[in-house]
Amino acid sequence: MNYWLVKTEPGNYSIQNLEKDGTCVWDGVRNYQARNFLMQMKVGDTALIYHSVHGKEIVGQSLITSEYYPDPTDESKKFMCVDMKFISKFTKPYSLDMVKTNPKLSELRLLKQSRLSVMPVSQSEYDEILKHV
DNA sequence: GCCAACGTTGGC
DNA sequence: GCCAACGTTGGC
């Protein structure tokens, strides 16, 4: 069981969209490091959903429901996607500012690699975030 | 294989 | 809207 954080621009696809859809294909990743993390995802893992640009907060979580497979939106056939299912939308989103000021979250890759869109999160970090949402 | 040029992301 | 950071592309 592993924990992840995935980023999305809510103008493109938001937690509200995922809540309404129930499930989605997490496609569109076009970065090798992010792809490599996607390829490590297993069915049953959970992912925090982060709204970048407009929001800058962790807004909910999803359940990974498939292993990786070729991203149908990628004509080069180099990139992968996974399926995921809505779990919850947080009543109190966990903001980027809260991440920055919480010493327990100082190692989150979100802070160090601001452009990485799929990243692993440790269980203790995941639990720390869930305590406050 | 290096690296300059370029494009994109995302915080501010 | 700006721009720093960073990933990718392509000429050499």
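The table below gives the values:
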{"read-out": "Top-ranked residue of the range A:97-132 - restricted to ones that are buried (at least 18 other Cβ atoms within 10 Å of the Cβ) and among the aliphatic types (A, V, I, L, M), ranked as nearest to DNA strand B (Cβ to nearest atom)", "value": "A:LEU110"}
{"read-out": "Residue within the range A:77-94 that is surrounded by 12 or more Cβ atoms within 10 Å (Cβ to Cβ), in a loop (DSSP other than H, G, I, E, B) and within 16 Å of DNA strand C (Cβ to nearest atom) present", "value": "yes"}
{"read-out": "Single residue of the range A:24-63 satisfying the filter (among the β-branched types (Val, Ile, Thr) and open to solvent by less than 20 Å² (accessible area, probe 1.4 Å)) that is farthest from DNA strand B (Cβ to nearest atom)", "value": "A:THR46"}
{"read-out": "Among (1) within 13 Å of DNA strand B (Cβ to nearest atom); (2) modelled with pLDDT of 95 or more; (3) of a type in the set (A, V, I, L, M, F, W, C); (4) over 11 Å from the mean Cα position of the chain (by Cα), the one test that A:VAL82 misses", "value": "(1)"}
{"read-out": "Pick from the range A:95-133, criterion of a type in the set (S, T, N, Q) and not in a loop (DSSP other than H, G, I, E, B), ranking: nearest to A:ASP21 (Cα to Cα)", "value": "A:SER95"}
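The values are calculated or read from the model by the stated rules, or taken from the named source; none is laboratory data. None of these values were measured; they are calculated from a predicted model. Using ideal geometry, Cβ is built from the backbone for each residue, glycine included, and neighbour counts are taken over all protein chains shown. All accessible areas refer to the heavy atoms of the entire protein, side chains included, with ligands and DNA or RNA removed. Shrake-Rupley method; radii C 1.70, N 1.55, O 1.52, S 1.80 Å.
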